[in-house]
Amino acid sequence: MSYLKFDKNLLINLEQSLPKEILRTNQAGAYHCTSIVGCNTRKQHGLLVVPIGDEEYKPHVLLSSLDETVIQHGASFNLGIHRYQGGVYSPNGHKYIREFDCESVPRTTYRVGGVILTKEKIFIQHENRILIRYTLVEAHSPTTLQFRPFLAFRDVHALCIANDRLNTECRPVANGVACCLYEGYPTLFMQLTKKPEFVFDPHWYNNIEYVKDLDRGVPYCEDLWVPGYFEVKIKKGETIIFSAGLSEVSTRSLPKMYEAEIASRTCRTSFYNCLKNAAKQLYLKKGEKEYMLSGYPWGKVLARNTFMSLPGNTIAINHREDFERIMGTAIASLTRYMDTLHDSRSIHGIDQPDIPVWAIWAIQQYAKAYGMPNAAERYSQIVADLIDFILRGTHPRLRLAENGLLATDGSLSPASWMNAVWDGRPVIHRTGFLVELNALWYNALMFAAELTKDNSSLEERRSRWLDTAAKAGEAFVPVFLNEYGYLYDWVDGNYSDPSVRPNMAIAIGLDYTPLDRRQRKGVLDVVTRELLTPKGLRTLSPKSYGYRPFYLGSPQEREQALHNGPARPWLIGFYADAYLKVFGLSGVSYIDRMLIGFEEEMSQGCIGSLSQLYDGNPPFSGRGAISHATNIAEVLRTIRTLKKYDS
């Protein structure tokens, strides 16, 4: 039985099937995303979405969807489905679906009378090409297939409106056509393994609605261009492959290309395999450089997310070389920033105040996995440079206080991962001494000293690091630990913010912490009691002022709620680290049970992945980006941590 299989009863019920989405990528920025019944519900959905531009990641929807029609005895049965203005679904092709399975590749099985047709989709790795394989499993009469492409040629955040500026030309190529609707876009090549007839029948399909965007209170209606349709006869047992890509391909090579891609896939037959695939989908290769996307379908390459997710999405799935390549790209940007103080166009947010300590944390995970000598040889220089960059006072958004702690100004611009902004100002004004920033700072100083202990050339610098760590460690407890046994979220002058937030879980989960075991347990008890959910830790306790558990409503309402209640799965990684440090082997079964809530999500939301956030109250529905790097990474890292206790 497949780990991820959905039957007719669920599929024909749009209320149940439309919220379930699938995502496939080529690890070079292109992706395919839609609902499991093939109805696009977001403007970011598409059959072929590709990045355009040399530096910054900017995906564009070229081929929005492809409607298939089965023709027998002159009767047509359209297998497509779109939502039109007023909530009307047409042509209701979902009623012909008998099964959807995405164990290896997304496979949809249709039954139309005596016809059984399967459709399978796969991306070619590192190439902007998607292949769709159709197999006529059963048919008792001559059968013809029609393929009608819906074209957009727009940015994923825009919408297409009917216009007369597009180029309507469809140029013949081998077994297909090529077209480019607007200047500045690449040419889209659509080809089949069997020679079709292309009927030029151009039309605008107007007022297609995206229900997810409607719910989010953003523009949701667009027009799509259909230049015509392909028509091809197919026999029982025959297979036809449709290719959509940015270059012409030899159609004879498509079957072999398809089989080669299938052979390289890890089947989604378990919780771990689902997350492993989800992690690899976030890799982004551009020329000789590799990056980590923050998520889909609207993610970017973000510095903070890169360092937070890199260990889990590479080391935890035994992809050491990918860690080294992605970290190498990031180090180049870090070095350039330290030299010039200019942000990077390819890795956004490299100038944020907590980036150096998150980068060192990522390297620390590498050292734990592959040994301190290997980490020292490869990364001791960048760790030393980052520490000294802060100590010299060069970072424009960090100030080293006399007590060894780091202060930052978050009043006008967010200074941490809690970075929601509305009307140009931070929603949460975390400023001064931030608890996780200073916990990460202490951890970075201690790790840097350990990493370089055999490097005599760094002895003088190492001595200063240890002196600073001693001062910071001595100051940390009186500054942050309060009489109620938990940690203030941030402290600025005489004000100590009492909000119960999960940043304290980061502080107690790090390898080096100024807190003793009793203090860590006290903090852990508060986190468990007020923040823990089956989907991670809440961003704010229900007992704290301003708690907003549901990420719903207008853009402003959602931004206000973003870090004021909804749960984040990635925080379970630090919670698990803290729990196991306090309880040791006796805590393993408890953390293992915590993972059940995440495994349940493999058949919800984005199939086989984890959403950006979950409501802080039951039923803990997934919201935001449908596949998020830090969440996938930290659940994977937790799984790896638990495995160590089995050995």
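The values are calculated or read from the model by the stated rules, or taken from the named source; none is laboratory data. Just so it is clear, the model here is predicted, and its values are computed rather than measured. Here the Cβ positions follow ideal geometry from the backbone for every residue, glycine too, while neighbour counts run over all protein chains shown. Areas reflect the complete protein model, heavy atoms only, side chains present, ligands, DNA and RNA absent. Shrake-Rupley method; radii C 1.70, N 1.55, O 1.52, S 1.80 Å.
Okay, here's what the table says:
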| item | result |
| --- | --- |
| Protein accessible area in the chain, 1.4 Å probe - carbon and sulfur % | 48 percent |
| Mean Cβ count within 10 Å, highest first, over the residues of peptides 252-259, 374-381 | 374-381, 252-259 |
| Accessible area expressed per residue, the stretch 376-466, with surrounding protein chains retained (probe 1.4 Å, Å²) | 42 Å² |
| Between the stretch 258-291 and the stretch 611-647, the Cα center-to-center distance that results, in Å | 18 Å |
| Within straight-line cross-link reach of K644, aspartates and glutamates at Cα separation under 14 Å, skipping those fewer than 8 residues along the same chain | D577, D592 |
| Distance between the stretch 496-530 and the stretch 97-126 - C-alpha centres, whole angstrom | 48 Å |
| Under the Karplus curve 6.51 cos²θ - 1.76 cosθ + 1.60, θ = phi - 60°, whole-Hz ³J(HN,Hα) for the stretch 97-112, x wherever Gly or Pro sits | 6, 9, 6, 10, 9, 10, 5, 9, 10, x, 10, 10, 10, 10, 10, 10 |
| C-alpha long axis of helix 320-340 to longest principal axis of the chain, angle in ° | 60 degrees |
| Beta bridges by DSSP in the stretch 77-175, antiparallel share as percent, to the nearest 5 | 100 percent |
| Packing rank of 153-164, 634-645, where each peptide gets the mean count of other beta carbons within 10 Å, highest leading | 634-645, 153-164 |
| Protection-proxy order for peptides 189-197, 390-398, each taking the mean of Cβ atoms within 10 Å per residue, highest first | 189-197, 390-398 |
| Per residue accessible area in Å² of the stretch 546-647, where ligands, DNA and RNA are left out and the probe is 1.4 Å | 34 Å² |
| The chain: relative contact order as a whole-number percent, Cα under 8 Å and 6+ apart | 11 percent |
| Neighbour net charge for G473 - beta-carbon separation under 12 angstrom, K R +1, D E -1 | -2 |
| The chain: angle of helix 271-280 to the longest principal axis, Cα-based, in degrees nearest 10 | 90 degrees |
| Dipole in debye (nearest 20) - the chain, about Cα centre, beta carbon charges: Lys, Arg +1; Asp, Glu -1 | 1280 debye |
| Globularity index of the stretch 488-647, i.e. its alpha-carbon radius of gyration over 2.2 N^0.38 Å | 1.04 |
| Neighbourhood net charge (15 Å Cβ-Cβ; Lys/Arg +1, Asp/Glu -1) for Y337 | -1 |
